[in-house]
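Comments concern the structure below.
Laboratory data are not the source of any read-out in this text; all were calculated from the coordinates shown. Being a predicted model, the structure only gives us computed values, none of them experimental. Reconstructed Cβ throughout: ideal geometry from the backbone, glycine too, with neighbour counts over all protein chains shown.
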Amino acid sequence: MANQTPVQVNPAKHSMTTPQSDKADRWLLAGALCCGTIILGPLGLILIALGLVRLQRARRLGEWARPIAVTVFGMFALVDASINFVGWSLDIFAHNTHMLQTMSGGWGRMVDGGYYYRYNSTWLGGVSDRAEKSFAMFAVFMIFPARIVAAWAFIKLRRWGFRWMILTGWAYVFLWVGYLSNLLLNFPERFGNSLYGVTGWWIFDIFYMTPFLTLPWLYALNRRRWNR
Amino acid sequence: MTETDVLRGRRHAIYVLAAFCGVFFIGGIIMSYVVAAKYGYGTGFGDGRLAPVGTVKGQGFVGDSAILGGAFVLDVGILFAWYWLISRLEAPAEDDPLPTDDGADLSHDENWYFIQVPKLTRILVAIAVFCTAGVAILGASILPVVLLRYGW
């Protein structure tokens with residue numbers, strides 16, 4: 001343990017006490033947690049909206065706070081990643097429960113046949129499409145948990161949060177490209193085996209365009225501001 | 001390459017990346033309908049076919065609760081593992097120090113940007129707000145809609 005040098009952590013003026021902003025962040029976090037449960041999404045949205053209002057109020061009171069766009073994009077990434085993480089993790093860990101089989105069966109019959117056709121028939125259980133399951137593993141163990149912690153660290157202006165927002169943003173773009181290709185390659189079993197097929201799936205899934213929106217904006221930011 | 005070239009280059013790349021969003025989704029949607037037509041399907045409404053659906057078989061209230069509780073614990077564990085790993089691997093250190101304070105007035109939003117793209121930012125923020133609401137509301141609607149349509 002020789003040659004240890006104190007590390008500069010740059011508290012400077014950006015870490016001055018911000019009680020109102022900190023309270024607003026707690027509302028935002030509570031909102032994100034509610035959205036992450038999937039079923040409490042609308043309540044989560046209300047909490048997030050209250051958090052944003054409080055943050056704006058703090059700015060008006062002269063308290064230092066990050067720009068609203070930083071919070072909006074951070075929360076967008078957080079909510080999107082949480083829903084993906086929890087949704088797919090239930091398929092991996094809880095596919096033997098009545099609730100998951102009901103939910104997957106219904107979702108599958110409506111928009112994606114892969115979620116009911118031969119459900120629970122592979123050794124991993126849950127969705128039986130091999131590629132879909134592989135994407136689920138990638139999503140649950142790699143990209144989305146990393147993106148959740150990155151999004152929160154990004155909101156809290158940690159440098160690694162900024163870096164990992166970009167890293168997981170690109171990983172999410174790669175996921176989208178692979179996922180869509182797989183869906184289309186397995187069209188008859190997926191879209192074709194459902195009631196609302198292509199249109200239904202796009203209506204539900206187009207909102208998950210987080211990385212495509214966030215990445216260009218992230219590259220416009222001054223990364224010096226993420227200095228905690 | 002001069003600083004001006006770097007700024008111009010990054011600005012162009014930002015707009016190309018933003019345009020890629022539109023190209024990807026419009027292209028993806030068009031491709032989906034082309035593939036649908038190739039397989040003899042239409043828009044998805046009214047032309048879908050259903051395969052036999054398996055029976056739902058849970059583990060009873062206690063068993064299901066235990067599985068869901070276990071899934072929650074595993075999720076928290078995975079999240080914590082990632083937080084632990086990234087926050088340590090990426091912690092500021094002597095070989096990779098934090099930037100020094102440049103004294104900018106951070107109450108002005110423009111000081112947060114290296115490339116000024118206020119119009120693009122406004123458009124992206126509006127879409128992001130709309131998508132956050134869409135993701136949360138549609139995600140929450142799945143189980144109620146399934147229960148209403150297919151029952152428990």
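Worth pointing out:
- Estimated FRET transfer efficiency (B:S107, B:I29; beta-carbon r; R0 41 Å; 0.05): 0.50
- Virtual spin-label span in nm between B:D96 and B:A13, 7 Å along Cα→Cβ: 1.9 nm
- Dimensions in Å of the range B:38-135 - Rg and Dmax from alpha carbons: 25.0, 66
- Theoretical FRET efficiency, 1/(1+(r/R0)^6), r = Cβ-Cβ of B:R88 and A:D22, R0 30 Å, to 0.05: 0.80
- The protein assembly as shown - Kirkwood radius from inverse mean 1/r over Cα pairs (Å): 22.2 Å
- The distance linking the range B:1-39 with the range A:186-228 is 13 Å (Cα centroid to Cα centroid, whole angstrom).
- The length gained on full extension between B:R149 and B:V76, counted as 0.36 nm times the residue separation minus their Cα-Cα distance, comes to 23.1 nm.
- Peptide-level mean, for B:111-121, of C-beta atoms on other protein chains within 10 Å: 5
- Neighbour-count ranking [beta-carbon atoms within 10 angstrom, fewest first] of B:S107, B:S141, A:S128: B:S107, B:S141, A:S128
- Computed FRET value (nearest 0.05) for B:K57 with A:I46, which takes r as the C-beta separation and R₀ as 45 Å: 0.80
- In the protein assembly as shown, helical runs assigned H by DSSP with n ≥ 4 each contribute -39500 (n - 2.57); averaged across all residues and rounded to the nearest 500, the mean residue ellipticity at 222 nm is -22000 deg cm²/dmol.
- The distance from the alpha carbon centre of the range B:59-87 to that of the range A:81-144 is 16 Å, rounded to a whole number.
- As a rough footprinting exposure proxy, the listed residues A:F73, B:F130, B:F24 were ranked by other beta carbons within 10 Å of their own, and the order from fewest upward is B:F130, B:F24, A:F73.
- Rg and Dmax of the range A:78-225, both derived from C-alpha coordinates alone, stand at 16.4, 51 Å.
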